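Undergrad: Sharing a structure here in structure tokens format.
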Amino acid sequence: MLVSRFTSDLRPRIEVPIVNSSAVHRLRLVSGPEGVSFLLLLLCSVLKRTTSFNGVPVMGMIHGILFILYVVFWIMAWQSQKWDVKRGAVLFVLSVLPGGGFVAERMLAKEERDGAPAAKAVAADAAA
């Protein structure tokens, strides 16, 4: 404990911009697999009705875990980025639409690359 206290003071402090928050990055990383798992769950549901193949229990659990992770990371990103209600609602609705996870991933990747409007507004208010 004593050593870590002294060594932590020696490390340089690095300011991370709000747009590159780990919550947005985690949300972006889980949105793609969540979209794939949803489409595979729909496919398994169709196959269950038309054939003897029943992959719904397995795909249902996988998709459920990924969806819960998406919602948790969505809440964390919404709080850290200070998104407005419209932006937060769009990202949530995309999580329940087939293929919406891919759209959300692209939106979040663009936001990480270019910078978030909310982050720019917060930075402008802080500078003034």
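The values are calculated or read from the model by the stated rules, or taken from the named source; none is laboratory data. Since we're looking at a predicted model, the values are computed, not measured. Glycine also receives a Cβ, built like all others from the backbone with ideal geometry; neighbour counts cover every protein chain displayed. Side chains are part of the model used for accessible areas, which takes the heavy atoms of the whole protein and leaves out ligands, DNA and RNA. Shrake-Rupley method; radii C 1.70, N 1.55, O 1.52, S 1.80 Å.
Undergrad: Looking at the range 38-56, I want the residues that are touching a residue at least 40 places away in the same chain (Cβ under 8 Å) and have a partner that is in a loop (DSSP other than H, G, I, E, B) and open to solvent by 70 Å² or more (accessible area, probe 1.4 Å) with Cβ atoms under 9 Å, at least 6 apart or on another chain. Which pairs are those?
TA: Taking only residues 6 or more apart or on different chains, the pairs are PHE38/LEU97; PHE38/PRO98; LEU39/PRO98; LEU42/PRO98.
Undergrad: Ok, one more. Looking only at residues in the range 1-52 that are at pLDDT 90 or above and outside any helix (DSSP H, G or I), which one is nearest to PRO98 (Cα to Cα)?
TA: Within the range 1-52, the match that is nearest to PRO98 (Cα to Cα) is THR51.
Undergrad: Going by what's in this entry, would ILE68 be described as out of contact with any strand residue (DSSP E or B) (no Cβ under 6 Å at 6 or more places or on another chain) and surrounded by 13 or more Cβ atoms within 10 Å (Cβ to Cβ)?
TA: no
Okay, residues lined up against (1) over 13 Å from GLU34 (Cβ atoms); (2) open to solvent by 80 Å² or more (accessible area, probe 1.4 Å); (3) at pLDDT below 85:
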{"site": "ALA77", "(1), (2), (3)": "yes, no, no"}
{"site": "LEU91", "(1), (2), (3)": "no, no, no"}
{"site": "GLY99", "(1), (2), (3)": "no, no, no"}
{"site": "ARG106", "(1), (2), (3)": "yes, yes, no"}
{"site": "LYS110", "(1), (2), (3)": "yes, yes, no"}
{"site": "GLY115", "(1), (2), (3)": "yes, no, yes"}
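Undergrad: Across the range 53-64, what is the total count of residues that are assigned to a helix (DSSP H, G or I) and surrounded by 13 or more Cβ atoms within 10 Å (Cβ to Cβ)?
TA: 5
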